[in-house]
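Have a look at the structure below, then the notes.
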Amino acid sequence: MVKLCSNFALPSPLMKSSTRERRYPVKHRVQHHWVFHILFTLCFLVFVAIGLHVYRDYGVSIDEYSQIELGRVNYERVVSGSEALKTNEDRYYGPVFETVLYGLSHAVQKPLHIDEMSSRHLIEFLYFAASLVVFYLFLWKITGHPGYGLLGSVLLAISPRMFAESFYNSKDMVFLSTSIFALYSMSFVADLSFPAVIIHAVVSGFAIAVRPQGMLLVVVSVVGIFLISKKTILQKILWSSAYIVLTVVSTIAFFPVFWDGIPQNIAGFLHRSLDPIGVPTYYFGKFYTSPGVPWHHLVVWIGITSLLSVTVTSSIGLVWFLYRAYKEKQHRAKASGMFTLLFLIIIGTIGGAIIFRARTYDGWRHIYYLYPSIIGFSVYSVKRCMDLAKKNSRIWSIITVCILGLFVLDGVSAVRFMIRHHPNEYVYFNQLTGGYVQAKRNFDFDYWGISYKQILSYLLSLPRRPTKVYFVESFPYVQFGMAPALRTHGFTVVDSLTEADVVVVVNRYDKTIPSAGFTKLYAVDVEGADLSAVYATRAYRALLNDSPKMQYP
């Protein structure tokens, strides 16, 4: 069997322990870690280069204009003491990253010669890229080998939805990246050193100021102090108390709205965070509104939109972890360190959402921060197989090779999907849905409205003649981006379907044209399922056919 570098290798079942010790002394294994560092560095540089090449390709999400406004009022509160924040409708949404993003995006526009949306997308992507480095270090730390860090970071980077949304989802994907920073700083807290607790408290406060789900990370961190640390009970109580106080102070510092009155604004923050009401959610062919969404909604969405290899191996890893915790006293006593905390994050989030009927819509984007923990259990299952394979077990060597082969095949399939359907990677579903036409019948599709940018490019390519355009669903990008551009090119945006020559539909849900008088002119589709489409009257279609450059069947 071909031997891989270091103790990430699959040992031959025929190799005796004494022979293995001579061939793979500890010092020799550690020296070969540099191979994985080089591989990760190369993968990371390629990933960043791709991001720098494509960041201008993505459209504008539904929330982007409101997020810019949130950043503006917080930035002006910090810089000039503006009072506009007090009356802003979204003042209790996480402000810290939006404030920084607003300032940085305006600072880089002129030097880079890009517009505001492109500058935002670039900065958001680079933040995600930085978190991949930390994820690599985190998995290396909790497994003891950088090969597992390389595996986990690559799985995160090539997950189509995560890759695409890292450019324009400044809430959920930013919180995913922030949670990775928090996990890494959390892994040092068990030592209960003063610098470690200070740093983790600041990171925890930053996380809460991005998303209120950061409070779960605080709870898990306190559990980690009591579960993993070898200090005395009194020391644990004192250090956890200090950590909580410092986290609260950091949160207030990162939340400018709290500066105008802490008690009433914290009450407003908690009220807004615990509000269960969401927007309509299309799930298995029916519309639901939280808190009336079925309990299994989040579990199903995680299963069908993660890489299939991650869905399978993380499920195995979770079951395996629970089995070992139940059966093996030593494992239970040591609590498996950080994997126990990853387990608590997953169970705490999903269990809490089910029990308290949390607000949920737009797939599972509000809990994207679980994905690093889920990938962590994919890595856990591989590590357990590797550990058993090292005990000269032929069957476990074969199983490990099969699992790694599954990752390779699934990764190639995901990358192929991303290349074929760029910039629409955000509608990725794995094989469990039975195809994209079936997925569209059952689930939310283009809930971000990102494909509208491609629709705009198409409309602007039409001949300049008097054309009336009607949008079935008028997202903010339609109002502030598309409509002004269309009017500049001679189009008229109308408010009634009966007035329109052209109708634009975006499939946030499974929408169809309400009139038989329109036929499809153009569509942005993924594997035969429309994300958005342009429909035209027969008369307008006939006018286009008169143009030598616009012939349609």
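The values are calculated or read from the model by the stated rules, or taken from the named source; none is laboratory data. Everything quoted here is computed from the prediction, not taken from an experiment. Glycine also receives a Cβ, built like all others from the backbone with ideal geometry; neighbour counts cover every protein chain displayed.
Counting the residues of the range 384-408 that are surrounded by 15 or more Cβ atoms within 10 Å (Cβ to Cβ), in a helix (DSSP H, G or I) and touching a Phe, Trp or Tyr at 6+ places or on another chain (Cβ under 9 Å) gives 5. Is there a residue being over 18 Å from the mean Cα position of the chain (by Cα), of a type outside the set (S, T, N, Q) and assigned by TED's automatic domain parsing to the domain that holds residue 203 anywhere in the range 116-131? Looking through the range 116-131, at least one residue is over 18 Å from the mean Cα position of the chain (by Cα), of a type outside the set (S, T, N, Q) and assigned by TED's automatic domain parsing to the domain that holds residue 203. From the list 137, 183, the lone residue that is surrounded by fewer than 21 Cβ atoms within 10 Å (Cβ to Cβ) and either in the same structural domain as residue 415 (by TED's automatic domain parsing) or at pLDDT 95 or above (or both) is 137.
With respect to residue 242, determine if the residue is at pLDDT 95 or above, among the hydrophobic types (A, V, I, L, M, F, W, C) and either over 29 Å from residue 364 (Cα atoms) or not assigned by TED's automatic domain parsing to the domain that holds residue 410 (or both). Yes: the conditions hold for residue 242. Residues that are without any contact (Cβ under 8 Å) to a residue 60 or more places away in the chain, touching a helix residue (DSSP H, G or I) at 6+ places or on another chain (Cβ under 7 Å) and either of a type outside the set (Gly, Ala, Ser) or in a helix (DSSP H, G or I) (or both) within the range 81-92 comprise 84, 88, 90, listed in sequence order.
The listed residues are 316, 374, 346, and the only one of them that is more than 20 Å from residue 180 (Cβ to Cβ), modelled with pLDDT of 95 or more, touching a helix residue (DSSP H, G or I) at 6+ places or on another chain (Cβ under 6 Å) and not aromatic (Phe, Trp, Tyr) turns out to be 316. The set of residues from the range 476-499 being aromatic (Phe, Trp, Tyr) and assigned to a helix (DSSP H, G or I) comprises 477, 480.
Filter the range 242-301 for residues that are part of a loop (DSSP other than H, G, I, E, B), of a type outside the set (A, V, I, L, M) and surrounded by fewer than 18 Cβ atoms within 10 Å (Cβ to Cβ) and give the result. Across the range 242-301, the qualifying residues are 261, 275, 276, 284, 285, 291, 292, 294, 295, 296. The residues listed here are 223, 189, 174; of these, the one that is of a type in the set (A, V, I, L, M) and surrounded by fewer than 18 Cβ atoms within 10 Å (Cβ to Cβ) is 223. Would you check if residue 439 is surrounded by 21 or more Cβ atoms within 10 Å (Cβ to Cβ), small (Gly, Ala, Ser) and part of a helix (DSSP H, G or I)? So residue 439 passes the test. Residues that are more than 19 Å from the chain's Cα centre (by Cα) and of a type in the set (S, T, N, Q) within the range 376-412 comprise 381, 392, 393, 397, 400, listed in sequence order.
Quick one: count up the residues across the range 442-465 that are outside any helix (DSSP H, G or I), out of contact with any Asp or Glu (no Cβ under 8 Å at 6 or more places or on another chain), over 18 Å from residue 117 (Cβ atoms) and not charged (D, E, K, R). Residues that pass the stated criteria total 3. Applying the criterion of being aromatic (Phe, Trp, Tyr) and without any contact (Cβ under 8 Å) to a residue 60 or more places away in the chain to the residues of the range 101-137, the residue that is nearest to residue 153 (Cα to Cα) is 128.
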